[in-house]
Amino acid sequence: MGVKADMEVICVGVATWDTIALVPRFPAPDERLVAEELRVAIGGPAAIAAITLARLGVKVGLVAGVGDDRAGQQVIAALSDAGVDAKFVRVVAGASTARSIVTVSSDTDSRSIVNKPFAAADQVVKGGGGAGGGSCGAAAAAVASAEWVHFDHFGLQLKSDLAINRGVGPKISLDLGYLTRDIKVGEVDLYAPTAEVVQQQRAGVNVATAVKEMARENQNLVVATLGSRGAVGSDGDQIIEVAAFDTEVVSTLGAGDVFHGALVAQFQQGRDLREAITRASAVAALSCRGLDGSSAVPDEKQLEVFLQDVQGKG
């Protein structure tokens, strides 16, 4: 079987193992609180996007790095359990898997995150095999033959190693949660920043207008997330604004990553811009029913039921 049949989409970037605590409020200095819920789970923008794609029926793999520790084993097991191909997750000897400690406050619907990143970034693609024995060359070949490749901010650093360029091979998607360097928007087919990143790039310009300008200038799709206000996207001609869906919220942790994975899934499945943003927004909203970023991500059937229910109420 060819790699294209194995993986329609490949996500590239961060995978973490997280400890998440739901507390009634953020503790004061030196205060001890009893958690309402405590959970350990997989995290990371690319990993959560990949799990979302798998949940929505897309054949997906992940290119990422973990350490040869217990947390790394847990990350790989969680990916496999979710239906994500982990053969290109690189296990680096002597390295520590990225970890996060997340505190979610139920009274303010906000969170704090303490993160210890994966320090062996230069070894994710280069040198040696992945968790399933995949080599660097095999990872590049799989990426080249996929229909879409989705990068997070960390994964973008690996773009040159994977020898991928817009217009040759798969369509390229970029999730950008914060502006880390000069980003060339025209190098990707789908640019998906936060509203804050857009405002940094186009100071003084309305987000919707800026999104349309960027899409027109670069002849691609630009979709910006607006947090609780929804999302706005453009193909350079039209501006599509979609309000956030009203649903139960336990935690918004990972909702943006879920949105980006769901957005790529919609485009991979052939939907237009408005429908893609609408459905991705619904998937992200439903994911907020869980404390972690992936456990409440709906499958295709659950998504359809939710959308039909919303339409019925409308």
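Quick one: if the Förster radius is 30 Å, what FRET efficiency do ASP6 and ASP68 give, using the C-beta to C-beta distance and rounding to 0.05? E(calc), rounded to 0.05, equals 0.75. The coefficient of translational diffusion for region 190-301, derived via Stokes-Einstein from the alpha carbon Kirkwood radius under 25 °C and 0.890 mPa s, stands at 176 µm²/s. Here region 22-88 has an Rg and Dmax of 15.7, 47 Å, counting Cα atoms alone. Computed over the Cα atoms of the chain, the ratio of the radius of gyration to the Kirkwood radius (Rg/Rh) comes to 0.96.
With K and R counted +1 and D and E -1, the other residues having a Cβ less than 13 Å from that of GLY236 yield a net charge of -3. Working from Cα pairs under 8 Å separated by at least six residues, relative contact order for region 182-314 is 18 percent.
When each of the peptides 172-182, 55-65 is scored by the mean number of other C-beta atoms lying within 10 Å of its residues, the order from highest to lowest reads 55-65, 172-182. Taking packing as the residue-averaged number of other Cβ atoms within 10 angstrom, the listed peptides 116-124, 68-76, 139-147 run from highest to lowest as 139-147, 68-76, 116-124. Magnitude of the charge dipole for the chain, about its Cα centre and with charges confined to Cβ atoms of Lys, Arg (+1) and Asp, Glu (-1), is about 440 debye. The eigenvalues of the Cα gyration tensor, multiplied by 5 and square-rooted, give region 257-314 an equivalent ellipsoid with semi-axes of 17, 16, 9 Å from largest to smallest.
The mean accessible area for residues of the chain, using a 1.4 Å probe and ignoring ligands and nucleic acids, is 43 Å² per residue. First measure r as the distance between the Cβ atoms of ALA35 and ASN165, then evaluate 1/(1 + (r/R0)^6) with R0 = 35 Å and state the FRET efficiency to the nearest 0.05. Efficiency computed from Cβ-Cβ geometry: 0.15. Report the one residue of GLN268, PHE245, ILE172 whose Cα lies farthest in the direction of the positive end of the charge dipole of the chain (charges on C-beta: Lys and Arg +1, Asp and Glu -1; origin at the Cα centre). Going by the Cα projections, it comes out as ILE172. Within region 30-180, the proportion of Cα pairs with more than 18 Å between them is 60 percent. Taking each DSSP H run with n ≥ 4 as -39500 (n - 2.57) and averaging over every residue of the chain yields -9500 deg cm²/dmol at 222 nm.
Label sites at ASN115 and ASN206, each approximated as a point 7 angstrom past Cα along Cα to Cβ, lie 3.2 nm apart.
On the basis of the beta-carbon distance and an R0 of 30 Å, VAL185 and GLU241 show a calculated FRET efficiency of 0.90.
Relative contact order for the chain: 17 percent, from Cα pairs under 8 Å spaced at least 6 residues apart, divided by residue count. Each part gets one Cα centre, and for region 238-314 versus region 10-78 those centres are 19 Å apart. Taking the protein heavy atoms of the chain in the context of the full set of protein chains, the accessible area attributed to carbon and sulfur is 49 percent at 1.4 Å.
Measuring nothing but how far apart in sequence close Cα pairs (under 8 Å, 6+ apart) lie, relative to its length, region 1-131 scores a relative contact order of 28 percent.
The values are calculated or read from the model by the stated rules, or taken from the named source; none is laboratory data. Computed from a prediction, not measured in an experiment: that's the story for all the values here. Here Cβ is always computed from backbone atoms with ideal geometry, including for glycine, and neighbour counts include all displayed protein chains. The protein model used for the area step is the full one, side chains on, heavy atoms only, and it has no ligands, DNA or RNA in it. Shrake-Rupley method; radii C 1.70, N 1.55, O 1.52, S 1.80 Å.
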